[in-house]
1. Too long at a 26 Å Cα-Cα cut-off: which of 21/77; 60/104; 15/38?
2. What net charge do the residues around residue 38 carry, taking every other residue with its C-beta under 14 Å from that of residue 38, with Lys and Arg at +1 and Asp and Glu at -1?
3. Roughly how many Å² is the accessible area per residue of the chain, as a whole number, for a 1.4 Å probe?
4. What size of dipole, in debye to the nearest 20, comes out for the chain about its Cα centre when the only charges are +1 on Lys and Arg C-beta atoms and -1 on Asp and Glu C-beta atoms?
5. Under 8 Å for C-alpha pairs, at least 6 residues apart: give me the relative contact order for the chain, rounded to a whole percent.
6. For the chain, how big is the tail of P(r) above 23 Å, as a whole percent of Cα pairs?
7. Counting only protein heavy atoms and a 1.4 Å probe, tell me what percentage of the chain's accessible area is made up of carbon and sulfur.
8. Summing Lys, Arg as +1 and Asp, Glu as -1, what charge do residues with Cβ under 14 Å from the Cβ of residue 101 carry, residue 101 excluded?
Amino acid sequence: MLTVHAEGAQVYECKAGADGKLGWAFREPIATLLADGKTVGHHYAGPNWEHSDGSAVVGKAATNAPGATPSDIPWLKLDVVSRRGNGILTSVTTVQRINTQGGKLEGACDKPGATRSAPYSADYVFLRKG
């Protein structure tokens, strides 16, 4: 149905893990969705994808595959769990995140609640059944 390019950041928060040690935990994505070099929407926590025509979908990760390099976030297949508005995303049932570059944050953190961003880009493919 639609393929868009995303440019943005993966946002991480410094939190204690199950072992009590501080580490960077994924919090949310913040990205601009582009088609033919023009902004056509936004991607943000949920995960939500919102098109400029007012249609939007929320996805839930179903499967993943490693990115091309250790610094790339995984490729994802997400099932759409809710939608709103009427437009190009209205009938979408699946979202795929492919061609990821960057987005992983490694290393220590020492202040609980601190946030850091890791720049990333990816392509999002919106599919529908039938």
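The values are calculated or read from the model by the stated rules, or taken from the named source; none is laboratory data. Not measured: the values here are computed from a predicted model. Counting neighbours? That spans all protein chains shown, and the Cβs are built from the backbone with ideal geometry, glycine included. Accessible surface areas use protein heavy atoms only, side chains included; no ligands, DNA or RNA. Shrake-Rupley method; radii C 1.70, N 1.55, O 1.52, S 1.80 Å.
1. Pairs exceeding the cut-off: 21/77; 15/38.
2. Every neighbour counted, the sum reads -3.
3. Working: 7190 Å² over 130 residues.
Accessible area per residue: 55 Å².
4. Charge dipole, the chain, about its Cα centre: 320 debye, nearest 20.
5. Details: 351 pairs, mean separation 39.4, N = 130.
The normalised contact order for the chain reaches 30 percent.
6. 34
7. The value for the chain is 52 percent carbon and sulfur by accessible area.
8. Net of charged neighbours comes to -1.
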